[in-house]
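I have placed the structure first, in the form of structure tokens, so that the comments after it can refer back to it.
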Amino acid sequence: MSTRTGICNFCGTGCGHLLDVAGGAVRGVFASPDHPVSRGRLCVRGWHIHELLSTRERILAPLMRRNGRLEPVSYEEAIAAAADGLGRHAGNEVACLASPRASNEDNHNLTKLARTVLGTPNIGLSSDQGHGDAVDVLLEGAGFPAMLGALTEIRDARLILVVGGDIARLNPIVGSEIHRAARAGAELVTLSSRSTQIAKLSGRHLWTRPGGLRPALAALAKILVERGWHDAAFLRDRAEGFDDFARALAGLDLADLAAASGLEPAGLEDLARRLAQAPSAMAFFTTGLAGLDRASTALLFDLFLAAGKIGRDGCGVNPVTGICNIVGSYDVGATPRFLAGPRRAEGPAAGRTPRELLALEPTPLRALLVADRDEEIVRHAAKLQALDCVVYVGAYENPFTEFAHVVIPAATFAETDGTYTNAERRIQLNRRKVEPPAGVHPAWRVYADIAARRGAAWPAASAEDVMLEIAATVPAYAAVTYAGLEKGFGLQWPVDAAHPAGAVRFDAAAAPRRLRFVPAGADPGVPAVSKDFPFLLMAGKANYFWHRNNIMKKTRIPRREYNALLLLYPQGFVELAASDAKALGVRDRAPVKVVAAGGSMRVAVRISADVKPGTAFVPYFIEDMVPGFLNAAGVTIDEDQDSAIPVRIEKG
Amino acid sequence: MYIMPKSQARALAAALAEEYDLYGPVLREASGEPTFDRVEDPAAIRLEAAIPYNPPKSVVFPQAERVLSYRYDREAKKAVFVRDDLVRPKALVGLRACDLSGLLCLDRFYLGQDYVDEFYRDHRKRMFIVANTCVRPFPQCFCVCTDSGPAPREGFDVALTAAGDDYLVEAGSEKGQALTRRLGLKDAGPGAAARRAAIVDASIASFDGAAMENKAWISRVMNRITTGFISNDVWEYIGDQCFECGACSFVCPTCSCFNVEDIDSREGRTDRVRSWDSCSYEGYTRMAGEHNPRRPVEDRRNKRFFCKLSYSQSKKYLRPGCVGCGRCNRVCPGDIGIANVVTYIRREITKAGAK
């Protein structure tokens, strides 16, 4: 037992932990009593990060595909092959997929490699869509592209509205802070289409029908504005665009919105009144998987803006990231929609994600670099197989390497210095605690070596040097230094000349421009059931298991928990309300056929109190099942959003 | 009873460091929060520190420990077993009474039953324990309700009790006696035992004002839990607040459950690793044939509090399974540390009584 302070590398909460290091290896982990966000707590994932850090399923040597097999080669050979293979292509022929788990330093260098050396704007992040929408809305509305409030201020909020996914499962310590605030007297309301743990812990649960979040948020805004409950003085002093927003709301019909949301108008009115009257209020929603779409995010922002609950103490619209460094990845511009800052990429600077390029017919893509891919589900496998060059950079063994021509190992977060920016914009430094295996380098170094082989000599000799480059590129990081970060538990951006110690929350009074209402755009309507397809099927994450991801399977206890569920339902499951199961004449674990307009799948029934009659839920994480069904059926159901498709469920 | 100036505590630790790996309470640089850790420099041990955030459990029961390694030779059809023997003698300096009680619980679980756990025994057998009386309680404490403090009663080699500028030093073993001789400690005189008793009494008396959980109603709740007269609503109220993180088990000085897994390597070696486990996990009670007697979370929580507070379980430990350290309250993402659970059950008892 010899513990070193660090930051958990799983979700965007960024909890503090103590890694037990002995004999050059990580032996255990303990919650850090003094971290300002986690204050001595960790979730089931965080309590087992030492199992991941001590796994044997590491990539330990550079590999190249020869005669169809990956064979060990020298580091120099692998770098040369990667640089040459990627460098033969430019523009839309080449793309990079950055890892939201990687450090700011890694992703800064990968972005620089893509944009300045490979000459492509096509740099994407896995699991980025939902957060990209939040960045977009907050940038437009507040000029402040991340959480407006702070996790450390949750206990100052008198009303907390959780929208969508189960924050108690996805970001348990954020869920815990919200629960603690509610125990101390804050009003907690959940708005979601499924019963979740945070819904069970809430004083009120507004249980929408699938697809009902957006009309519910529009209805709340309409009630708030039309009853005159908006904060007129705040809007006059700090905001613009209110008249257009009110006009857009006037064109909506409250009865229609309530019906589409599946909620009683009285319940919506009650919440709108409480929101207006609360002295402070925060909204939370998880981004990425089970996140909100752009329109719902815009409506949520507008609702809180109208209520005057932005840029004040205990207030804020707060996207919560599912992976540790999604915020930082956006900050350094590791995405095709935004450049470092993040600021919107326009014209030729705007690129596409590898997934978007692969979806094109025919795909222009010829070469691809992928870092640390978490997901198990590989879309477009045939197109990936046809690429001229696939380079994989990562710490752990990964099924994706089957597509790779070159594999380059990378150090884990415990084996190198690096910074990670959590959901509340807290830039935190993880120091190297153990040596990487012989011949394994940090990813930022790998990208620099690939660049060097393409003739670009980058001066940064350490992760700290890379941070100096980031500080010169990203205005919100302008005054960041490792020494400054190390004084406490990181700093919340903006960290610049005006805020040398960072900023806990967005401050409307000190903002350089007025807040703006963000148009939600045209209403696509909600899916409707019919006689032939009487159920609305939602797809999402299973409660317990995180990001259906590759790395959780390299742990022992979390993997056991994952397997416990898989063993019960080896072919996957569909959750149905008990009354629906009874009407169908099926018991728990009985086989059923889920039929959509374009296809069908066989799964087992899981009777659950978490879905309402007339709705069904499938977890997305079970490979081959849901994506197979959805792809074969030609159905689009976006796992990231509150969407659903009409289906029929047949016995047997 | 001996007496030692406080300034000599460092010499005591330094003397032990010659023979043992030192462990003790240290203060985290960033915040001053105490943790129990391996100490290279005897001066880093802070005897006056509050209860460390982590219990000393991992010294005898590591979070993950390789207990066996084997390699199977296919041609010879023979397995070659390798046993690590890296266990070093350890001195735990500054153990609070609750944590010492926890260690004794673990002893009874691992050593005191039909089967003696040799891995635990190896960690435990060459050990020197310096216990430390809590002359005042900390806000989270309720050891007076669980019969585990504030003063150590057994199981130590040396016990310290702060008395002004000195420590009263009690030797609890031959090894302890030898240390007092080696340090040249003076006899504390005839009034020492009474002086120590007065200090302990004053500490107990100050629980009322200083400790938040001192009226934890442990004995009434033990009765209820043992007889099972607790309504399902209470367990559901508790279950809804369980985030299934496992922290309560990991910070508990007496939780001893573990999981064992064989981990293969590509080179043909297999490691058998035992790791901490927790009854808050669904997979913990899953049996072959997919049967799970405790699948709903409230059933799993109910199991934990039965283990800590029932009479039948206490018979195994010869004391309650809870030592009153209050750590589970601090780490719980819900609000169901043991003191709170006792409160929820007490509320039900009082409500029932009012009817």
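For this structure, a couple of remarks:
- Each DSSP beta bridge with both residues in region A:373-511 is either parallel or antiparallel, and the antiparallel ones are about 55%.
- Sparse packing (at most 12 other Cβ atoms within 10 Å of the Cβ) combined with a DSSP loop state is found for the following chymotrypsin sites (Phe, Trp or Tyr not before Pro) in region B:199-284: B:PHE229.
- Computed 3J(HN,Hα) for region A:577-583, one whole-Hz value per residue from the Karplus formula 6.51 cos²θ - 1.76 cosθ + 1.60 where θ = phi - 60°, is 5, 4, 5, 5, 4, 5, 5, glycine and proline marked x.
- Where both bridge residues fall in chain A, DSSP classifies roughly 50% of the beta bridges as antiparallel.
- Inter-part distance where region A:560-593 and region A:1-78 are each reduced to a Cα centre, Å: 35 Å
- Along the axis of the charge dipole computed for region B:2-354 (Cβ charges of +1 for Lys and Arg, -1 for Asp and Glu, origin at the Cα centre), the listed residues B:ASN132, B:THR270, B:PRO190 are led at the positive end by B:PRO190.
- Local electrostatic count, B:GLY268, Cβ distance below 11 Å [Lys/Arg +1, Asp/Glu -1]: +1
- Among A:LYS383, B:LYS308, a tally of other beta-carbon atoms within 10 Å of each Cβ gives an order, fewest to most, of A:LYS383, B:LYS308.
- Taking the three principal axes of the alpha carbon atoms in the protein assembly as shown, the coordinate ranges are 90, 76, 64 Å, sorted in descending order.
- The alpha-carbon atoms of chain B define a convex hull whose volume equals 178 cubic angstrom per residue.
- Order of B:LYS77, A:LYS651 under a 10 Å beta carbon neighbour criterion, fewest first: B:LYS77, A:LYS651
- Our coupling estimate for region B:330-343, obtained by passing each phi through the Karplus curve with A = 6.51, B = -1.76, C = 1.60 and θ = phi - 60°, is 6, 8, 6, x, x, 9, 10, x, 4, 5, 5, 4, 4, 4 Hz, Gly and Pro reported as x.
- Dipole magnitude for the protein assembly as shown: about 2180 debye, using +1 per Lys or Arg Cβ and -1 per Asp or Glu Cβ, origin at the Cα centre.
- DSSP-assigned coil residues among GluC sites (Glu not before Pro) in region B:21-112, each with at most 11 further Cβ atoms within 10 Å: B:GLU29, B:GLU40, B:GLU75
- Net charge of neighbours whose Cβ lies under 15 Å from the Cβ of B:SER7, counting Lys and Arg as +1 and Asp and Glu as -1: +1
- Residue (of A:ILE408, B:LEU95, A:VAL474) at the positive-pole extreme of the protein assembly as shown, dipole from beta-carbon charges: B:LEU95
- Shown here for region B:222-293: GluC sites (Glu not before Pro) in loop regions (DSSP other than H, G, I, E, B) with at most 15 other Cβ atoms within 10 Å, namely B:GLU267.
- Sequentially through region A:350-362, phi angles give Karplus couplings (6.51, -1.76, 1.60; θ = phi - 60°) of 7, x, 10, 6, x, 5, 5, 5, 5, 6, 6, 10, x Hz, Gly and Pro residues having no value and appearing as x.
- Along its principal axes, region A:130-320 has C-alpha extents of 39, 34, 32 angstrom, given from the largest down.
- Charge context of A:ILE607, other residues only, Cβ under 15 angstrom, K/R +1, D/E -1: +4
- Here the residues A:LEU384, A:LEU369, A:LEU357, ranked from fewest to most Cβ neighbours within 10 Å of their Cβ, fall in the order A:LEU384, A:LEU357, A:LEU369.
A short reminder: the numbers here are calculations on the coordinates, not readings from a lab. What you are looking at is a predicted structure, and each value in this text was computed from that prediction instead of being measured. When we count neighbours, we look across all protein chains shown, and the Cβ atoms used for this are built from the backbone with ideal geometry, even at glycine.
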